[in-house]
Each structure stands twice: as C-alpha cells, then as structure tokens.
Amino acid sequence: MTAKTPLLAGMAATLGFSLAISSTGAQAATEWDMPTPYGDRTFHTVNIREFADAVRERTDGELDITVHANGSLIGHPEIKNSVRRGIVPIGELIMSRLANENPIFEVDSVPYLAASYEEAGALWDASREIISEELGEQGLRLLFAVPWPPQGIYTQQPLTGPDDLQNLSMRAYNAASERLAQLAGAVPTQVEVPDIPTAFSTGRVDAMITSPATGADTQAWDYLSHFNHAQLWLPKNMVIVNEQAFSRLDEATREAVLEAAAEAEERGWAMSREETDEALAVLEENGIEVSEPTPELAEKLREIGDTMTSEWAEEAGEQGAAILEAYEAARQ
Ligand code: PCA
C-alpha cells in the first residue's frame with residue numbers, strides 16, 4: 001500500500017514526477033516517467049529499459065523509471081521542452097532535432113563527417129562537453145547518447161545514380177536529412193517514425209532516409225524494395241534529465257543514475273553496431289535489395305556532403321570550429 005502525502009505530491013506534481021511514500025513511512029520511492037519517440041522494437045528502447053532496470057536495482061527501487069515508448073506520452077517535438085519545464089523529469093530524443101537552437105546539436109548528421117562507428121566515437125568525444133554545456137545552460141543534464149546505425153536511402157526503384165532521386169517525395173527526420181534530400185533534387189517531408197507506415201501507404205512519401213534498424217522496425221518491405229547502404233552519418237539519441245529533478249535525488253541515487261547511464265552508453269554503442277548487420281540481414285530476408293552506392297551516386301553524395309560540411313561550419317561558428325579541431329586531433 002502506498003499513499004502520497006499531499007505536500008510532497010504537490011511539489012512533485014509541479015516537477016512532473018510522483019513521489020510515493022509507503023504507508024509505514026519507512027521507504028520513499030520516486031517515480032519518473034520517461035518518454036521516447038521510438039517504438040518497443042528499437043534497440044534504443046530496449047537499452048533505455050535496461051537503464052531503468054539498472055537504476056531500480058541499484059537504488060533498491062527508490063527510483064522507479066517507467067519508459068513510455070512510441071511518442072505515447074509526449075510527442076517527439078515536445079520532449080525536450082517537457083523535460084526542460086519539468087513536465088517530465090527525463091526523456092529521450094534525437095540530438096539533431098535541436099539543430100534549430102544551435103547547429104552543434106547536429107554535428108553528428110553532417111554527411112561523411114563521421115560515417116563509421118570509430119569516427120562517430122571520436123566526434124562524440126570531441127563534442128560531448130560543449131553539447132553538455134549548452135544543455136546545462138537550459139537546466140538540462142545530458143546523461144548519455146547512443147548512435148543509430150549508419151543512415152542510408154530506401155526507395156521503391158533501384159537507385160543507380162543521382163538522377164533516380166529527382167523529384168522523389170523523401171521522408172526526412174531532421175534538418176540534415178531534409179537538406180540532403182533537397183540537394184539531391186528530391187522533395188523532403190518530415191515524418192516521425194510511428195507515422196512512417198501510414199505516410200507510405202497513403203502515398204505521402206515514396207522514399208526515406210534512415211537506418212537499417214528503423215527500416216527493419218517499421219517493416220520497410222511492406223512499401224519499399226531497395227536499401228542503399230550509403231552510410232551517410234550516425235545520428236545520436238540522447239537521454240536528458242531535468243537538473244532540478246536530478247538534484248532532488250539523494251546523493252547515492254544520483255550516483256546510481258550516473259553509473260547506470262555510463263553503462264547504458266557503452267552497452268548502447270555495442271548494441272548499435274550489432275544492430276547494423278542484424279537489421280541488414282532482416283531487410284534482405286524480407287526481400288529488400290541491399291546495395292552500396294554506384295560510383296555516380298557516391299560522387300554526388302560526397303559533393304552534397306562537402307556542401308553541407310561548409311554550410312554547417314559557417315553556421316556553427318566558433319563552437320563548430322572548436323569541435324572540428326578536437327575531432328581532427330582525436331583522429332590523428
Ligand atoms: N531512425 C530514426 C532516426 C535515425 C534512424 O536511424 C528515424 O528514422 O527517425
């Protein structure tokens with residue numbers, strides 16, 4: 001039996017989490033709701049559920065995090081502000097969604113700047129501190145970040161060269177995927193993952209940029225036949241927590257969260273790597289033809305990458321230059 005004390009529950013409600021005090025008063029459990037835009041099948045969701053389990057175990061149930069998948073609690077566009085305002089204490093979102101606030105959040109979505117796990121790791125080392133600081137200024141603490149597998153292009157026809165992309169209605173999920181579609185002569189449309197099947201079945205889109213993972217999770221073979229494993233970039237999801245909510249935890253609980261977060265980051269990167277090959281195999285088993293870019297397409301994508309790298313560097317100014325310098329140094 002648990003009962004909430006009105007005062008604590010009231011305080012908690014303003015911060016968007018609930019405090020349950022057992023009727024004996026001996027044990028206080030904090031309950032946190034954690035929204036993510038992505039579905040149950042996604043390895044990211046599996047990973048954050050393991051993170052929640054680890055926190056529960058390490059704190060003997062004192063901090064109980066419930067993951068709400070598939071944008072069911074809060075839609076993707078609202079997650080960051082909901083955490084900032086304390087409507088929910090913690091949440092997951094794709095980092096590059098914040099590119100409109102500051103281009104440094106989309107450094108992981110510049111084509112061919114960091115297109116392998118090694119490069120993505122070096123880029124994350126080079127950008128983590130500055131990104132954490134930016135979030136910190138908004139009262140947000142970055143707990144961990146995990147990449148999606150490398151991004152490629154799904155189509156309904158074979159993709160033999162750049163001309164095949166002309167005028168396709170291309171599903172995009174951030175500013176970079178939108179810009180790439182534009183530069184390739186396609187017409188971008190933003191569609192969240194849970195809406196992908198409907199967007200295809202209603203003919204709103206006929207191609208998409210995403211990972212083998214998201215193609216497999218959304219059963220891309222129902223509406224697409226080709227995947228070009230172009231390995232453009234590895235965008236990251238991040239888990240952020242409201243600093244005020246975090247600071248109200250006792251020290252041992254805070255420590256437990258940070259340790260579970262570090263483990264989740266390491267585990268998530270390994271899961272992501274494995275997921276790449278597994279999901280490619282699932283796509284093929286279900287009849288999707290997987291190919292690498294032809295030389296003509298590769299050349300065009302590289303050219304688009306160069307354009308987008310210069311555009312990004314210009315917009316990201318000094319902060320961007322500092323990241324690129326640290327990244328270059330890390331790759332030496
Ligand atoms: N899946 C997400 C983000 C990148 C990815 O691989 C999506 O398609 O929206």
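The values are calculated or read from the model by the stated rules, or taken from the named source; none is laboratory data. Owing to the predicted nature of the structure, the values given are computational and were not obtained by experimental measurement. Note: ideal-geometry Cβ built from the backbone for every residue, glycine included; neighbour counts use all protein chains shown.
Here Asp108 clears all of (1) out of contact with any helix residue (DSSP H, G or I) (no Cβ under 7 Å at 6 or more places or on another chain); (2) acidic (Asp, Glu); (3) within 16 Å of the ligand (Cβ to nearest atom); (4) within 29 Å of Arg85 (Cα to Cα) except the condition numbered (1).
Do we find a residue being at pLDDT 95 or above, of a type outside the set (D, E, K, R) and in contact with a Gly (Cβ under 6 Å, 6 or more places away or on another chain) anywhere in the stretch 178-188? No: the stretch 178-188 contains no residue that is at pLDDT 95 or above, of a type outside the set (D, E, K, R) and in contact with a Gly (Cβ under 6 Å, 6 or more places away or on another chain). Of the listed requirements (1) out of contact with any helix residue (DSSP H, G or I) (no Cβ under 9 Å at 6 or more places or on another chain); (2) over 21 Å from Thr276 (Cα atoms); (3) in contact (Cβ under 8 Å) with a residue 60 or more places away in the chain, Gly203 misses just one: (3). For the stretch 16-30, check the following and say yes or no: at least one residue is surrounded by 13 or more Cβ atoms within 10 Å (Cβ to Cβ) and at pLDDT 90 or above. So far as the stretch 16-30 goes, yes, one or more of its residues are surrounded by 13 or more Cβ atoms within 10 Å (Cβ to Cβ) and at pLDDT 90 or above. Out of the residues in the stretch 70-98 that are among the hydroxyl-bearing types (Ser, Thr, Tyr) and more than 24 Å from Trp269 (Cα to Cα), state the one that is surrounded by the fewest Cβ atoms within 10 Å (Cβ to Cβ). Among residues in the stretch 70-98 that are among the hydroxyl-bearing types (Ser, Thr, Tyr) and more than 24 Å from Trp269 (Cα to Cα), the one surrounded by the fewest Cβ atoms within 10 Å (Cβ to Cβ) is Ser72. Within the stretch 307-332, the set of residues being surrounded by 12 or more Cβ atoms within 10 Å (Cβ to Cβ) and under 21 Å from Glu178 (Cα atoms) comprises Thr307, Met308, Thr309, Glu311, Trp312, Ala313, Glu315, Ala316, Gly320.
Yes/no per residue for (1) buried (at least 21 other Cβ atoms within 10 Å of the Cβ); (2) of a type in the set (A, V, I, L, M, F, W, C); (3) closer than 27 Å to Arg273 by Cβ:
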{"position": "Ala176", "(1), (2), (3)": "yes, yes, yes"}
{"position": "Glu192", "(1), (2), (3)": "no, no, yes"}
{"position": "Gly215", "(1), (2), (3)": "yes, no, yes"}
{"position": "His229", "(1), (2), (3)": "no, no, yes"}
{"position": "Pro235", "(1), (2), (3)": "yes, no, yes"}
{"position": "Ile240", "(1), (2), (3)": "yes, yes, yes"}
{"position": "Gln244", "(1), (2), (3)": "no, no, no"}
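Scanning the stretch 192-245 for residues that are touching a strand residue (DSSP E or B) at 6+ places or on another chain (Cβ under 6 Å), under 22 Å from Met34 (Cα atoms), within 13 Å of the ligand (Cβ to nearest atom) and of a type in the set (A, V, I, L, M, F, W, C) yields one hit, Met238.
Of all residues in the stretch 110-125, those satisfying the criterion of being farther than 14 Å from Ala145 by Cα and surrounded by 23 or more Cβ atoms within 10 Å (Cβ to Cβ) are Val110, Pro111, Ala114. What number of residues within the stretch 165-191 are without any contact (Cβ under 8 Å) to a residue 40 or more places away in the chain and either more than 14 Å from the ligand (Cβ to nearest atom) or aliphatic (A, V, I, L, M) (or both)? Total satisfying the criteria: 12. The set of residues in the stretch 221-245 being under 25 Å from Glu299 (Cα atoms) and assigned to a strand (DSSP E or B) consists of His226, Phe227, Asn228. Going by what's in this entry, would Asn286 be described as within 30 Å of Asp60 (Cβ to Cβ) and either within 15 Å of the ligand (Cβ to nearest atom) or of a type in the set (S, T, N, Q) (or both)? Answer is no for this residue.
Counting residues in the stretch 255-264 that are surrounded by fewer than 21 Cβ atoms within 10 Å (Cβ to Cβ), outside any helix (DSSP H, G or I) and of a type in the set (A, V, I, L, M, F, W, C) gives zero. Taking the condition more than 21 Å from Glu275 (Cβ to Cβ), in contact (Cβ under 8 Å) with a residue 24 or more places away in the chain, away from the ligand (no atom under 16 Å from the Cβ) and not in a strand (DSSP E or B), does Gln157 pass? Considered against the rule, which asks whether it is more than 21 Å from Glu275 (Cβ to Cβ), in contact (Cβ under 8 Å) with a residue 24 or more places away in the chain, away from the ligand (no atom under 16 Å from the Cβ) and not in a strand (DSSP E or B), Gln157 comes out as yes.
Number of residues in the stretch 111-129 that are touching a helix residue (DSSP H, G or I) at 6+ places or on another chain (Cβ under 6 Å) and either part of a helix (DSSP H, G or I) or on the phi > 0 side of the Ramachandran plot (or both) equals 7.
Within the stretch 45-69, the set of residues being without any contact (Cβ under 8 Å) to a residue 12 or more places away in the chain and surrounded by 20 or more Cβ atoms within 10 Å (Cβ to Cβ) is empty.
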